[in-house]
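Values in this text are rule-based calculations from the coordinates and carry no lab data. Since the structure is predicted, the reported quantities are computational estimates derived from the model, not experimental observations. Reconstructed Cβ throughout: ideal geometry from the backbone, glycine too, with neighbour counts over all protein chains shown.
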Amino acid sequence: MLTKQQKKGIISDTVEMLKISHTLIFADHASVDTKSINKLKQELKKAGAKFKVIKKTLLKLALKEAGIDFDPLQFNAQVGTIFVPKDLSSVASQIHKLAKEFAKAKKNFQVLGGYDVDLRGVITADQFTMIAKLPSREVLLGQVVGVMSGPIRAFMYIVDQLSKKTLPTVEVKTN
C-alpha cells in the first residue's frame with residue numbers, strides 16, 4: 001500500500017508527463033507478462049513515448065490537476081497509459097503491431113481509447129485503429145510526390161522519343 005507522500009509523488013510525476021504529452025493512449029494489459037511489457041516500453045522509448053501503469057484514481061487526480069477533463073475510471077479493465085509527446089501517428093502503428101503480436105501469443109493487450117490533449121477530444125479505440133493502419137508520413141509524402149511527378153515524367157519521355165526520330169532529308173537543288 002502506498003503512503004500519502006508516495007501518492008503525491010506519483011501524481012506530480014504524472015502531471016509533469018502530461019505537460020509534455022500531446023496524446024494519451026489507454027490500454028488494457030491485464031494478461032501481458034512483464035517481458036512483453038518491457039518490449040513494449042523499449043519500442044515506445046524509440047519513438048519518444050512512455051508506458052506507465054498508474055492506479056486509475058491517481059491518474060484521475062493527475063488529469064484533473066493538469067486541467068484535463070477525462071475520467072479513466074470509465075474503463076473496467078486494468079489501465080496502462082501511454083504518454084505520447086509527438087503526434088499520435090508517430091507511435092500508433094507500433095502499438096497496433098505489438099498488440100497484434102501479443103494477440104498471436106494469446107496475450108490480451110487491447111487499446112481502450114485515448115485523449116488528444118491539444119484538441120481536448122476523446123479518441124475511441126476504432127479511431128486509434130484507423131490512425132494506426134495509415135501509412136507513415138514519409139510514405140504518404142512519397143506517394144504525393146510520385147503522383148505529381150508522373151505527368152512530368154511522361155511528358156519528358158515523349159519529348160525524348162520525338163527528339164530521337166530522324167527527320168527525312170530534303171535535297172535542295174541549286175542552279
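Descriptive notes on the structure:
- With Cα atoms, 0 to 90° folded angle of helix 137-164 axis to the chain main axis: 0
- Area projected by the alpha carbon convex hull of the chain, averaged over all directions, nm²: 17.0
- Stokes-Einstein diffusion coefficient of segment 98-140, Kirkwood radius over Cα pairs, 37 °C, 0.692 mPa s, in µm²/s: 274
- Degrees between helix 89-104 axis and first principal axis of the chain (Cα, 0 to 90, nearest 10): 70
- In degrees, nearest ten, helix 4-20 long axis to first principal axis of the chain (Cα): 20
- Its alpha carbons give segment 37-101 an Rg and a Dmax of 12.7, 36 Å.
- Radius 12 Å from Cβ of residue 21, net charge of other residues (Lys, Arg +1; Asp, Glu -1): 0
- 28 Å Cα-Cα reach of residue 46 towards lysines, excluding residues that sit fewer than 8 places from it in its own chain: 19, 35, 55, 56, 60, 86, 97, 100, 104, 106, 107, 133
- Residue order for 96, 29, fewest other beta carbons within 10 angstrom first, comes to 96, 29.
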